[in-house]
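Readers should treat all values here as calculations from the given coordinates under stated rules, not as data from a laboratory. Since we're looking at a predicted model, the values are computed, not measured. No Cβ is skipped: glycine too gets one built from the backbone with ideal geometry, and neighbour counts run over all protein chains shown.
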Amino acid sequence: MRFDIVTLYPEMLRPFFSQGVLLGAQEKGLIQIHLHDLAAFSPHGRAIVDDRPFGGGAGMVMRPEPFFHAVDAITKEVGKRPYVILLSAQGVLFTQQLAKELARKEAVVLLCGRYEGVDERVARASDLELSIGDYVLAGGELPAGVVVEATARMVPGVVGRFQSAATDSFFSGPRLGYPQYTRPRSFRGMKVPEVLFSGDHERIRRFRLREAWRKTLRNRPDLLGLRLKAPTTEDTEITEEPNG
Ligand code: SAM
């Protein structure tokens, strides 16, 4: 599988992709990661990648042309159109299920924004606008790293024993992983649960499942359908107003 990341700061990501599981996956030839300098695709010179927002407002908006030119160049290199993702706090939420689906694609392009964001025409031309969580970062580089790592782990062979990904949080639906213990058996008054030394695989399996559900209920009730805050009246009204 091939990942192409288009960013103003390729050097931010290079060290991240040069270690650990992702380095191993590249060395085994299971994935390829290409970093592209967005400014190099600007038709108006390296310095001109952003401009003031039409309609006024704070900050600068990234111009569309460099992103389109970068995707054109990558498409030419790959030989067919890759799956194009714009990283954006306004996107659909990245999940383990999405990571599994992306891992089935041959080539994925990740476009990283900065400043106040990216001209909306880039989102319109992309296959997916993707957010890694309900918070705003200064740029799409960390989200790109998150998406590449989570997706690469779903490519068969990348995680040593595939089984270890299969017991992870979210792998089999809206459930967190079970708590793990290792040596020492007792530490600062906290003991490892006895059942884990029983050798009884069925008891251990049931204990882990129970603990996984308990943790899900305690830490992530939202995964089980609990809504935390309803929209306000203004939120509801504004969605019904016509544009213009
Ligand atoms: N004005 C934008 C908004 O209200 O959604 C935020 C722009 S943010 C400061 C700059 C860039 O960081 C975005 O274009 C996007 O590429 C990236 N970014 C920030 N938060 C993100 C998130 N949660 N998920 C994915 N990308 C994010």
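State which residue is surrounded by the most Cβ atoms within 10 Å (Cβ to Cβ) when the search covers only segment 134-150 and only residues that are more than 10 Å from the ligand (Cβ to nearest atom) and touching a residue at least 60 places away in the same chain (Cβ under 8 Å).
148
Could you grab me the full set of residues in segment 67-80 that are in contact with a strand residue (DSSP E or B) (Cβ under 9 Å, 6 or more places away or on another chain) and in a helix (DSSP H, G or I)?
The answer is 67, 70, 71, 73, 74, 75, 77, 78.
Step by step: first the residues of segment 42-75, then only those that are of a type outside the set (S, T, N, Q) and within 30 Å of residue 21 (Cβ to Cβ), then the one that is farthest from the chain's Cα centre (by Cα). Which residue is that?
Among them, the one singled out is 73.
Scan segment 174-184 for residues that are surrounded by 12 or more Cβ atoms within 10 Å (Cβ to Cβ) and farther than 30 Å from residue 98 by Cα and report the count.
The total comes to 0.
Filtering segment 101-133 down to residues that are farther than 28 Å from residue 52 by Cβ and within 14 Å of the chain's Cα centre (by Cα), which residue is nearest to the ligand (Cβ to nearest atom)?
Per the stated criteria, the residue is 133.
When the residues of segment 185-230 are filtered to those that are under 31 Å from the mean Cα position of the chain (by Cα) and among the polar types (S, T, N, Q), which remaining residue is surrounded by the most Cβ atoms within 10 Å (Cβ to Cβ)?
216
Of the residues in segment 25-66, how many are assigned to a strand (DSSP E or B) and on the phi > 0 side of the Ramachandran plot?
Adding up the residues that qualify gives 0.
Quick check on residue 101: is it surrounded by fewer than 18 Cβ atoms within 10 Å (Cβ to Cβ), without any contact (Cβ under 8 Å) to a residue 40 or more places away in the chain and either more than 17 Å from residue 6 (Cβ to Cβ) or aromatic (Phe, Trp, Tyr) (or both)?
yes
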